[in-house]
Amino acid sequence: MDAQPVVAVLHAEAVPDRAWMAPVAEHATVRYTDAAGLADALDGADILFAYDFLTDALPAAWHAATSLKWIHVAAAGVDALMFPDLRDSDVVVTNSRGVFDGAIAEYVLAQILSFAKDIPESLRLQREHIWKHRESERIAGRSVLVVGTGPIGRAIARLLSAVGMTVRGSGRRPRDDDPDFGTVTTTADLPGALADADFVVVAAPLTEQTRHLFDARMFAAMKSQARFVNVGRGELVRTDDLVEALRSGAIAGAALDVLDVEPLPEDHLLWDMPNVSITPHNSGDFVGWRDALVDVFIDNFHRHRSGEPLRNVVDKKLGYVPGA
């Protein structure tokens, strides 16, 4: 009988529910560890379940990963783990693509509605007991550019289209017949696409090509009444350029679920800007999301045991699961 595989589970404060992990524990030796114990846990391990998807501990522990064959990341983005030794290795990387799509799409719609209906100002007036009649914007017929045409971007496009918004995409490959976006333009044509958008939603993966994609030039290309929503990665944006664009009126507002430094420092200018909404990287975190992440790993673990193809295999050179 073949020896049981060894699965190292890397966690931070939150630990996967061990009862939920039982289908793995039935067929593997499971080692739970935080970053400090990662090297010891990787010694002889065949599989790493990176439940702490923002960890930076793996490079320092990589010397112990001599038996490692597969890493599963409990997130859609894998940029935090893509260091050179892993990229150049034979270790397969999979992610949890699909878990957060619907929840993030709902978050984007909520932020767009909040801007259009000026919910923050209504709450302020309520706190001050002020009855003040105001008009609000309609979102039906307004234009949206979704930057990033993967599953999350597609879920966003479908939901916004369903409420009557006009949606286009920006991705790697141009096309005019996309089922979710209709028209997709490339990054090279991004400034022109930005000029036509009332709302710009960023859902792209973080790669060397997309890092700091949104800078002063891109914000200058946007309408002065446009709103910017980032649910991708904070490092897609030059934050100082965003602050200046908001301060100068180059754009009308921003909803930021991700920032280049998390948590955002208490004294950061963004906190007090009246046209900014900040959430703590939780746009996809619906009730039950942690167990849903474990379910994706369990499914792939059974596939691994039976020799079936794994789902959500990341192209380590690209930094994401290839697709549309």
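Among the residues of the range 219-234, which ones are open to solvent by 10 Å² or more (accessible area, probe 1.4 Å), hydrophobic (A, V, I, L, M, F, W, C) and touching a helix residue (DSSP H, G or I) at 6+ places or on another chain (Cβ under 7 Å)?
Selection gives ALA221, MET222, VAL231.
Looking at the range 22-60, which of the residues that are free of Cβ contacts under 8 Å to residues at least 40 places away in the same chain and among the charged types (D, E, K, R) is farthest from HIS302 (Cα to Cα)?
ASP56
Would you mind stating whether LEU81 is without any contact (Cβ under 8 Å) to a residue 40 or more places away in the chain, under 30 Å from ASP101 (Cβ atoms) and not charged (D, E, K, R)?
Answer is yes for this residue.
Scan the range 212-226 and give yes if some residue there is closer than 24 Å to ALA80 by Cα, touching a residue at least 40 places away in the same chain (Cβ under 8 Å) and assigned to a loop (DSSP other than H, G, I, E, B), otherwise no.
yes
Return the only residue of ARG138, ARG124, ARG154 being touching a Gly at 6+ places or on another chain (Cβ under 9 Å), surrounded by fewer than 16 Cβ atoms within 10 Å (Cβ to Cβ) and either without any contact (Cβ under 8 Å) to a residue 40 or more places away in the chain or not small (Gly, Ala, Ser) (or both).
The conditions single out ARG138.
Please pick out the residue among VAL108, VAL93 that is surrounded by 18 or more Cβ atoms within 10 Å (Cβ to Cβ) and in a strand (DSSP E or B).
So the residue among VAL108, VAL93 that is surrounded by 18 or more Cβ atoms within 10 Å (Cβ to Cβ) and in a strand (DSSP E or B) is VAL93.
Which is in contact with a His (Cβ under 8 Å, 6 or more places away or on another chain) and open to solvent by less than 30 Å² (accessible area, probe 1.4 Å), of ILE71, ILE47?
Checking each option against the conditions leaves just ILE47.
Return a yes/no flag: does the range 53-68 have any residue that is farther than 21 Å from ASN312 by Cα, among the small types (Gly, Ala, Ser) and in contact with an Asp or Glu (Cβ under 8 Å, 6 or more places away or on another chain).
yes
Looking only at the range 111-121, which residues are more than 24 Å from VAL287 (Cβ to Cβ), in contact with a Ser or Thr (Cβ under 9 Å, 6 or more places away or on another chain) and open to solvent by 20 Å² or more (accessible area, probe 1.4 Å)?
PHE115, LYS117, ASP118, PRO120
Can you work out which of the residues in the range 167-211 that are among the small types (Gly, Ala, Ser) and part of a strand (DSSP E or B) is surrounded by the fewest Cβ atoms within 10 Å (Cβ to Cβ)?
Filtering first and then ranking leaves GLY182.
Could you check the range 239-255 and list, in sequence order, the residues that are open to solvent by less than 30 Å² (accessible area, probe 1.4 Å) and touching a helix residue (DSSP H, G or I) at 6+ places or on another chain (Cβ under 7 Å)?
LEU242, VAL243, ALA245, ILE251, GLY253, ALA254, ALA255
Would you confirm, using the coordinates I've provided, whether ASP241 is assigned by the TED database to the domain that holds ILE119, over 22 Å from the mean Cα position of the chain (by Cα) and either free of Cβ contacts under 8 Å to residues at least 40 places away in the same chain or within 20 Å of GLU137 (Cβ to Cβ) (or both)?
no
The values are calculated or read from the model by the stated rules, or taken from the named source; none is laboratory data. Worth saying up front: this structure is predicted, and the values here are computed from it rather than measured. As a convention, Cβ positions derive from the backbone with ideal geometry for all residues, glycine included, and neighbour counts pool all protein chains shown. These accessible areas exclude ligands, DNA and RNA; they are computed on the full protein's heavy atoms, side chains included. Shrake-Rupley method; radii C 1.70, N 1.55, O 1.52, S 1.80 Å.
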